[in-house]
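What follows is a set of notes on a single structure, which appears directly below.
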Amino acid sequence: MARIELKNIAKSYGTVEVLRNIDLDIQDGEFVVLVGPSGCGKSTLLRMIAGLEPITSGAFEIDGKRMNDVRPRDRDIAMVFQSYALYPHMDVARNMGFSMEIRRDAAEMRKSRVAEAGKTLGLSKLLRRLPKELSGGQRQRVAMGRAIIRDPRAFLFDEPLSNLDAALRVEMRLEIARLHQKLKATMIYVTHDQVEALTLADRIVVLDSGDIQQVGSPLDLYERPANKFVAQFIGSPTMNVVPVSAASGGVILADGTFLALPHLDDTGLAVELGIRPEHIDVVDPDADALAAVADVVEHLGSDTNIYALVEGLGPIMVRVHGNIPAKPGDRLGLRIQAPNAHVFSADGRTLQRDMTGAA
Amino acid sequence: MGFSQLKRPALVVGKYAAIVFYLVFALFPLYWLVKIAVTPDRLIYTDGTRLWPSEFTLSNFVAVLFQTDFLSYFSNSLIVSLGTAALTTLFAAGAGYAFSRFDFGGKKLIIAIMLITQMFPLLMIIAPIYKIIAGLGLLNSLTSLIIVYTAFNIPFATFLMQSFFDGIPKDLEEAAMMDGCSRFEALRKVILPLTLPGLGATLGFVFTAAWSELLFALMLISKNDTMTFPVGLLTFVSKFSVDWGQMMAAGVLALIPSCLFFIFIQRYLVQGLTSGAVKG
Ligand SMILES: Nc1ncnc2c1ncn2[C@@H]1O[C@H](COP(=O)(O)OP(=O)(O)OP(=O)(O)O)[C@@H](O)[C@H]1O
Ligand SMILES: [Mg+2]
């Protein structure tokens, strides 16, 4: 069990700086998810925690002890690789028990731990197989088994589910959540997939091009994104962002409509408005609302996604709960739920909002 | 691909015809070697181009084994080839691993120099090599051949080993290190077992190269008791006024270690040892 602290960590390859000013305090037993676009430095950060990549500057501490220059084997951290990295010449049991073999734990104990982990992960019948004789999902389980068997201080996962198909991914996601509940270990998890991030995380860290954009609980990030990047990165479908001009007590949309935003302290610097597709209501076309025409309509059963073209404003996506009988070409009235709107300044910051007004 | 093969029997036939043609073409000289070796001396010319001699004999083999210095040449060659193969592979594995896994100053320069050594025709450096070996007092010794062969085979063998190491995902080593291995333990327990095909191929390649080398052996060895097989073979020309039958019999016998060697290592050459390590 471990508390992991990153203090002003930076990483450069030669003159190229890939991470900077990383400050993160991960509590014992916390599940932290790192998300961000490809190439933002998620894997690099994880590998620095693992000890596979030297830390250029800053302090890395586990339980208050500086670990910057400690070898991976002495950090007592387990890692599940995206590629699984199973040892191809060893059977499942030996793959899982390898760390105990290296530590020279008693064979008896190793056997019972392997059997136990095999049972937890549903691998009991496959213990004598080689990795090449397993399916992708089974390999993934073996990789997890290899990590849990040694009861490490912390777990690192680098996109562990990205090679699985959708159904298996959901199943393994639940399995990981269950594992975390059972082991109560510190876990750091890298993913592209925001559903994974939102469902698994106690806290999410959003990275972009080497900087932390925001750290917070999934709901925090959804309801109170710190900036336009986080606002657009978290949430699916993506938040609509349209240009606006500032006005007293609200903003003026490009088509001239005034939108009152009483929950915001100050909209003086507003240049853009962000509104999630699920925070727009579809109303009667002749009502007092934005006039729009449906372009593409997706019926998902539980929801309906409408890609609408708003007069004077451009494309806006709307998500309506349930099934509504809209067709492409239909005229619609759209009404923005003002309390759920976000406004951004020219440099992309979210303008201060009154917390009590959040939906 | 398998699809079009199923659909086009003509293509399959053509493919096999091409393979058969190639095999016949490549193996015919070998066949002729064997044929002459089992033909009695007096029939070599009278039999002409018959595919199988009218009379079969093993006397050439008996003569080669018991009346010539063949066994001495043979064991000299064995010592030199095995020594060279072992030494070269050891160095090449170390260097190949370093090239594959580490970034260090001068890496590109070293690779360039190693490539350059492969570009010179051997004839150009024969004299300097002779001078060096003579200066070391190593003329007429098997050691001199092992040293020279090792030096000449290391660059290619290193590139070969490097490509095998490159083929092993770095993740495997890193996983082993996360599992508690030092880098060396990871190398020994995870990487080495997976490199066996590469080690086998390199050993085989170097062994064969050393086994059939003539130029240096001819130049550095002039005493009969340290002659290697290719040099010894030439003595059949002078001593017995080109004794074709014995020469061919000796040739056939000389093929045996190469064959044995490849049979021994071929199970390590089987590809796909790393499959299942990563996703796919
Ligand atoms: N060995 C290296 N030398 C130089 N630059 C590197 C090296 N390794 C990674 N980088 C750079 O560091 C940045 C971060 O890489 P990293 O692998 O951490 O990204 P990531 O967030 O994990 O991306 P992905 O989601 O695609 O896996 C990238 O821009 C990459 O080009
Ligand atoms: Mg990555």
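The values are calculated or read from the model by the stated rules, or taken from the named source; none is laboratory data. Remember, it's a predicted structure, so these values are computed and weren't measured experimentally. FYI the Cβ positions are ideal-geometry reconstructions off the backbone, even for glycines, and counts take in every protein chain you see. Only protein heavy atoms, including side chains, enter the accessible area calculation; ligands, DNA and RNA are left aside. Shrake-Rupley method; radii C 1.70, N 1.55, O 1.52, S 1.80 Å.
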*Which of the residues that make up the range A:112-126 are in a helix (DSSP H, G or I) and not acidic (Asp, Glu)?*
A:SER112, A:ARG113, A:VAL114, A:ALA115, A:ALA117, A:GLY118, A:LYS119, A:THR120, A:SER124, A:LYS125, A:LEU126
*Working only within the range A:80-111, note down all residues that are open to solvent by less than 10 Å² (accessible area, probe 1.4 Å), in a helix (DSSP H, G or I) and facing chain B (nearest Cβ under 7 Å).*
A:PHE98, A:SER99
*Residue among A:LEU46, A:LEU19, A:LEU34 that is in contact with a strand residue (DSSP E or B) (Cβ under 7 Å, 6 or more places away or on another chain), in a helix (DSSP H, G or I), within 14 Å of ligand 2 (Cβ to nearest atom) and of a type in the set (A, V, I, L, M)*: A:LEU46
_Counted residues, the range A:139-164 - those being surrounded by fewer than 18 Cβ atoms within 10 Å (Cβ to Cβ) and out of contact with any Ser or Thr (no Cβ under 9 Å at 6 or more places or on another chain)_ = 1
*So how many residues does the range A:53-79 have that are open to solvent by 30 Å² or more (accessible area, probe 1.4 Å) and either within 14 Å of chain B (Cβ to nearest Cβ) or within 16 Å of ligand 2 (Cβ to nearest atom) (or both)?*
7
_Considering only the range A:90-111, I want to know if a residue exists there that is in contact with a Pro (Cβ under 8 Å, 6 or more places away or on another chain), among the aromatic types (Phe, Trp, Tyr), more than 16 Å from ligand 1 (Cβ to nearest atom) and in contact (Cβ under 8 Å) with a residue 12 or more places away in the chain._
no
*Read through the list (1) closer than 19 Å to A:THR44 by Cα; (2) touching a Gly at 6+ places or on another chain (Cβ under 7 Å); (3) small (Gly, Ala, Ser), then give the number of the only condition that A:SER99 fails.*
(1)
*Could you figure out which of (1) in contact with a helix residue (DSSP H, G or I) (Cβ under 9 Å, 6 or more places away or on another chain); (2) open to solvent by 60 Å² or more (accessible area, probe 1.4 Å) isn't true of A:GLU116?*
(1)
*Looking only at the range B:193-226, which residues are at the interface with chain A (Cβ under 10 Å from one of its Cβ atoms) and surrounded by fewer than 18 Cβ atoms within 10 Å (Cβ to Cβ)?*
B:PRO193, B:LEU196
_Looking at A:ALA177, A:ALA231, A:ALA167 in this structure, which one is open to solvent by 40 Å² or more (accessible area, probe 1.4 Å) and either away from chain B (no Cβ under 14 Å) or away from ligand 1 (no atom under 16 Å from the Cβ) (or both)?_
A:ALA167
*How many residues, within the range A:150-179, are touching a residue at least 40 places away in the same chain (Cβ under 8 Å) and closer than 13 Å to A:VAL33 by Cα?*
6
*Among the residues of the range A:291-334, count how many are without any contact (Cβ under 8 Å) to a residue 12 or more places away in the chain and open to solvent by less than 80 Å² (accessible area, probe 1.4 Å).*
1
